[in-house]
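Quick notes on the structure that follows.
The values are calculated or read from the model by the stated rules, or taken from the named source; none is laboratory data. In this text the structure is predicted, and so the values were computed from the model without any measurement. So basically every Cβ, Gly included, is an ideal-geometry build from the backbone, and we count neighbours across all protein chains shown. Surface accessibility is based on the protein's heavy atoms, side chains included, excluding ligands, DNA and RNA. Shrake-Rupley method; radii C 1.70, N 1.55, O 1.52, S 1.80 Å.
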Amino acid sequence: MKKAALSGAGLVLALVILSPYLVMVLTALKPESELRITPPRLTPVRWQPANFVAVLTDPDFQTWLRVSLVVALASTVIVVVAATPAAYYTARYRFRGRSAFLLLVLITQMFSPVALVVGLYRQFFALDLVNTYASLILTNAAFTLAFAIWILRAFFASIPREIEEAAAVDGCGKLRALVQVVLPLSLPAMVTVVIFSFIAAWNEYVVALTLMTDPSRKPLTVGITSYVTAYVQHWNHLFTASVIAIVPVVVLFALIERHLVGGLTAGSVK
């Protein structure tokens with residue numbers, strides 16, 4: 001009885017969480033004329049899947065999608081490349097200022113991009129980097145780096161040193177041992193960092209809205225708002241674009257979900 005009650009509660013919670021997405025999909029499948037029906041209907045009278053074709057073939061949407069992919073992939077690569085040696089060194093070596101460095105990394109997580117957006121804009125304006133990929137890539141990487149260092153450091157610290165010592169006996173240098181021994185064992189943590197960094201960059205809105213004023217440089221999160229303005233209201237296209245924007249994240253999560261739990265619980269058990 002208790003198990004059935006828990007299952008029922010879980011099902012109800014899942015339906016509540018998924019209901020906004022259901023509304024979004026149903027609205028995306030409506031023709032524009034049905035969006036003005038009073039009272040509004042949840043399901044379309046006439047289903048119009050052609051909305052997805054119209055959005056996918058829209059040159060502006062293709063540009064926004066390309067910008068988002070470039071920014072998300074580049075910032076994820078930077079985070080992984082920068083966080084891996086930093087996390088490994090702090091996990092394996094004790095040095096003066098180590099605790100202060102880790103505390104500083106943790107403190108950076110307390111700042112929201114919204115609170116720093118004016119300063120970021122002034123800095124990138126002075127560097128002539130407004131409306132450039134570099135501004136978004138560097139900003140997204142910077143705000144994700146602290147999380148990546150903490151996750152990877154905890155996982156590296158949980159790997160026995162004896163494994164690396166055995167590799168050293170076989171002739172592996174420190175860099176080779178890191179690449180060929182430690183990183184393969186740290187796959188769950190690496191996967192967690194990759195998916196978190198990609199999703200954070202993919203979903204970022206406020207900084208992109210501030211730094212990217214050129215329509216050809218806007219990412220997907222900012223660009224799709226062009227479907228609904230004070231003069232034009234294409235709600236069905238907005239919801240269609242939103243559904244399409246979710247697909248890459250869902251696919252990425254589905255592919256590497258089995259590694260995610262191990263990465264999030266890294267270092268919790270000795």
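Translational diffusion coefficient, Stokes-Einstein: compute it for the range 195-237 using the Kirkwood radius over C-alpha pairs as Rh, at 20 °C and 1.002 mPa s, and state it as an integer in µm² s⁻¹. Before the final figure, lay out each step's value.
Values: Rh = 11.4 Å.
It diffuses with D of about 187 µm²/s by this estimate.
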A convex hull over the alpha carbons of the range 212-258 yields, per residue, a volume in Å³ of 82 Å³
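Please work out how much length the chain gains when fully extended from Arg46 to Tyr93, using 0.36 nm per residue of separation minus the C-alpha to C-alpha distance, in nm with one decimal.
Details: separation 47, 0.36 × 47 = 16.92 nm, distance 6.48 nm.
Separation in residues times 0.36 nm, less the Cα-Cα distance, equals 10.4 nm.
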Given a 1.4 angstrom probe, I'd like the percentage of the accessible area of the chain that is carbon and sulfur, rounded to a whole number. 70 percent
For the range 1-111, what is the relative contact order in percent, using Cα pairs closer than 8 Å and at least 6 residues apart in sequence? 15 percent
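Per DSSP H run of n ≥ 4, the term is -39500 (n - 2.57); total these for the chain, divide by its residue number, and report the mean residue ellipticity at 222 nm rounded to 500 deg cm²/dmol. All intermediate terms of the calculation are to be shown ahead of the outcome.
Details: 12 runs with 189 residues, N = 270.
Helices in the chain give a 222 nm mean residue ellipticity of -23000 deg cm²/dmol.
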Rounded to the nearest 10 degrees, what's the angle between the helix 235-264 long axis and the longest principal axis of the chain, both from Cα atoms, 0 to 90? 20 degrees
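Kindly provide the chymotrypsin sites (Phe, Trp or Tyr not before Pro) of the range 1-87 that DSSP labels as loop, not H, G, I, E or B, and whose Cβ sees at most 14 other Cβ atoms within 10 Å. If you can, show how the numbers build up before the last one.
Values: sites: Tyr21, Trp47, Phe52, Phe61, Trp64; in loops: Trp47.
For chymotrypsin sites (Phe, Trp or Tyr not before Pro) across the range 1-87 that sit outside H, G, I, E and B with at most 14 neighbouring Cβ atoms in 10 Å, the list reads Trp47.
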Val228 long-range amide H proximity, modeled H, under 5 Å: His234
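Does the range 121-237 classify as rounded, prolate or oblate by the C-alpha gyration tensor (a ≥ b ≥ c root eigenvalues; a/c under 1.5 gives rounded; else a/b over b/c gives prolate, otherwise oblate)? Please report the intermediate quantities before stating the final value.
Working: a/c = 4.08, a/b = 2.55, b/c = 1.60.
Prolate shape, in that a/c is at least 1.5 and a/b is the bigger ratio.
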Taking the range 126-179, the whole-percent share of alpha-carbon pairs separated by over 16 angstrom is 62 percent
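Compute for the range 1-113: radius of gyration divided by Kirkwood radius, i.e. Rg/Rh, restricted to C-alpha atoms, rounded to two decimals.
Ratio value, two decimals: 1.21.
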Which distance in nm do the two modelled labels at Leu35 and Ile163 give, with both placed 7 Å along the Cα-to-Cβ direction? 5.2 nm
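With only Lys, Arg, Asp and Glu charged, each at its Cβ (+1 for the first two, -1 for the last two), find how big the charge dipole of the chain is about the Cα centre; round to the nearest 20 debye. Provide the component values of the computation, followed by the final result.
Numbers: 20 positive and 12 negative charges, 141 e Å.
Value, rounded to 20: 680 debye.
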FRET efficiency (Thr225, Lys2; Cβ distance; R0 41 Å; to 0.05) is 0.30
Note: the chain at 37 °C, 0.692 mPa s; Kirkwood Rh on alpha carbon pairs; Stokes-Einstein D in µm²/s works out to 152 µm²/s
